[in-house]
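These notes concern the structure reproduced below.
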Amino acid sequence: MKQAAAVAALEWVQDDSIIGVGTGSTANHFIDALANWHTMPRGAVPSSEATEARLRAVGIEIYDLNSSGTLSLYVDGADEANANLQLIKGGGGALTREKIVAAASIKFICIADASKKVAVLGDFPLPIEVIPMARSYVAREIVQLGGDPELRDQFRTDNGNVILDIHNMKITDPLQLEQQINQLAGVVSCGLFARRPADVLLLGNSDGSVEQITI
Ligand code: 5RP
């Protein structure tokens, strides 16, 4: 299902472009499929060190976002997506760089298996990247917002920070919650992608078909 969605995203890749590439098992399917695709980008901006290594392994040139300029396309997975193509991301811990690359891209194609589509975001614990010294303060503030924060065990992000996974939040207003969490001192970024949702959601089904949702 993930592979079907990843292959469907290849249609958006333009010859000689520099594209953004996300992190996770679905993004890995995209990288593997891209390596054998007839239209090759000039290169890619990775959203994590793991993705950078995988792109290099298949011979795709790596670009720095500071020199690439605006990207025409960003392709990445998600942990949950709602009907407005707002997302929870960061299950793999790469949310901050994913958010930066998504923000710097004209089109964001989200690729996922059909189980990721939900009516209300929040069954998947919402990841937040936090500066280590702010971990307890941010956790207390999250409790005030109604969530149950849990420190991700033995985990550091590519930026050297920790992740708090927030359980038991029904996220009925993703835009407002993203803003509230972003304002907490010590929060680097929040895994809610509401201010910058996906532009297209490709959902792979078990029969190999792919549903395309656009808003
Ligand atoms: C990584 C992410 C991933 O896109 C998300 O966790 C989905 O992963 P997968 O494609 O393995 O299901 O946000 O930080």
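The numbers here are math on the coordinates, done by the rules we state, and not lab data. Please read these numbers as outputs of a predicted model, since none were measured by experiment. Quick reminder, even Gly has a Cβ in these numbers, built from the backbone with ideal geometry, and neighbours come from all protein chains shown.
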> Peptides 102-110, 35-43: what's the order by average Cβ count within 10 Å, highest mean first?
Replying inline: 102-110, 35-43
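Going by a ≥ b ≥ c, the root eigenvalues of the Cα gyration tensor, does segment 72-147 fall in the rounded group (a/c under 1.5), the prolate group (a/b larger than b/c) or the oblate group?
oblate
Sort 131-143, 16-28, 87-99 by packing, meaning the average of other beta carbons within 10 Å per residue, with the highest value first.
So the peptides 131-143, 16-28, 87-99, ranked by packing, come out 87-99, 16-28, 131-143.
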> Can you sort Phe155, Phe124 by how many other beta carbons sit within 10 Å, fewest first?
Replying inline: Phe155, Phe124
>> From the gyration tensor of the Cα coordinates in segment 1-132, what semi-axes in whole Å does the equivalent ellipsoid have, largest first, with each one equal to sqrt(5λ)?
In response: 23, 17, 13
> Could you give the angle, 0 to 90 degrees to the nearest 10, between helix 25-35's Cα long axis and the longest principal axis of the Cα atoms of the chain?
Replying inline: 20 degrees
> If the cut-off is 12 Å between C-alpha atoms, which aspartates and glutamates fall inside it for Lys170, apart from same-chain ones fewer than 8 positions away?
Replying inline: Asp123, Asp148
> Can you list the lysines whose alpha carbon is less than 22 Å from that of Lys107, not counting same-chain residues fewer than 8 positions off?
Replying inline: Lys2, Lys89, Lys99, Lys116, Lys117
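Do me a favour and compute the ellipsoid semi-axes for segment 117-215 from its Cα gyration tensor, root of five times each eigenvalue, largest one first, whole Å.
They are 27, 15, 13 Å, listed largest first.
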